[in-house]
1. Quick check: pseudo-label points 7 Å beyond the Cα along Cα→Cβ at N325 and K90, how many nm apart are they?
2. Compute the length gained on full extension between K161 and F275: take 0.36 nm times their separation in residues and subtract their Cα-Cα distance, giving the result in nm to one decimal.
3. Before I look further, what does segment 252-339 give for accessible area per residue, probe 1.4 Å, in whole square angstrom?
4. In a shell of Cβ-Cβ distance under 14 Å around A57, excluding A57 itself, what net charge do Lys and Arg (+1) and Asp and Glu (-1) give?
5. Step through the table entries K55/K171; K90/K129; K62/K333; K62/K90; K136/K311, compare each Cα-Cα distance with 31 Å, and write down the pairs that go over it.
6. How much length would be gained if the chain were fully extended between A188 and T297, taking 0.36 nm per residue of separation minus their Cα-Cα distance, in nm to one decimal?
7. Output the relative contact order of segment 32-337, whole-number percent, from Cα pairs under 8 angstrom with separation of 6+ residues.
8. Using a cut-off of 14 Å between beta-carbons, work out the net charge of the residues near L114 (Lys and Arg +1, Asp and Glu -1, L114 not included).
Amino acid sequence: MLISRRSVLRAGLAAPAILSLPRGSFAQQKALKISHQFPGGTMEQGDFRDRMCRKFAAELEKRTKGELTAQVYPGSSLMKTNAQFSAMRKGALDMSLYPLSYAGGEVAETNIGLMPGLVTSYEQGAAWKTSPVGKKLSDILADKGIMIITWIWQSGGVASKMPVITPADAKGIKIRGGSREMDMVFKAAGAATLNIPSNESYAAMQTGACDAVVTSSTSLISFHLEELAKNLTSGRGRFYWFMLEPLLMSKSIFDALPKNQQDAILAVGAEMEPFGTAGAKADDEEVEKVFSKAGATVKTLDDATLEEWRKLSRETAWKDFAARNASCAELLKLAESVA
């Protein structure tokens, strides 16, 4: 079929009009993907970590007038849990609410995010953000292609078939500790350990692969471990297990955004922190109710027992972490100075 000269000219005149559209019409609009391993819900109901991600997405869209949107993918539905950190580093994933210590095999310094006995209260954890240890950790992550957008700490607890309160109670049991360092402490106490993400804890306890699971209060609730455990050692008030579970972002993705969108991400991220902390504290109380209702025995730690765990942690996990490299040693020293 012959194309007339008039048609060619008409097409040529139209092309510049398309090319000259304002760049912002397309370039400034972006949809972020936020992945996490926890059960999905709504902004009003469900796991507070999923709710926080959804609130973040809604506020970000509002703040940028729709230029920047975000879709939340719960339950590791977008990609497997352990793959998320590496994907963010490569720019293959935009954001994730991610237990920082899960990245310990890839970046040794991230193990400090679940260093047993180091952080024992929410107030102490919150102080990291504006302390030298927080700056050092942020700089290390930025160098690896990761940014901390929202700082969230969570206390944990032990769901177990038999009471696990003191280090002596751990002898001879199979336990999921949640980090390399936590596993070191339990091994020193005489336990065998299991290295799995928290969303695999139910199956592990159900099949007998482990007798006890240590994870955040929220995960103890969300993964329904009260159905299998006869005992709960609650982290309410004080505990040796505090996890840094921040909302992270790929630095390469962040750096490619216009400044107004970068500013919105940082502002909204900071605004989510009170919600996250309140959610974590509320679940420390709620988990006790859930386990008690299911017939489990609920206990908390006293100061003397907490100090037993801290002493064992200093002699094992802290010592090992500091010896890994100079950066780890500096991080630990800075963290110890935060009361």
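1. 2.0 nm
2. Stretched fully, the K161-F275 segment lengthens by 37.8 nm.
3. Ligands and nucleic acids excluded, the figure is 52 Å² per residue.
4. Around A57, the charge tally is +2.
5. Table pairs above 31 Å Cα-Cα are K55/K171; K62/K333.
6. 36.7 nm is the gain from fully extending A188 to T297.
7. 25 percent
8. -3
The values are calculated or read from the model by the stated rules, or taken from the named source; none is laboratory data. No experiment lies behind these values; they were computed from the predicted model shown. Glycine gets a Cβ as well: all are built from the backbone with ideal geometry, and neighbour counts include every protein chain shown. Please note that ligands, DNA and RNA were not included when accessible areas were found on the heavy atoms of the full protein model with its side chains. Shrake-Rupley method; radii C 1.70, N 1.55, O 1.52, S 1.80 Å.
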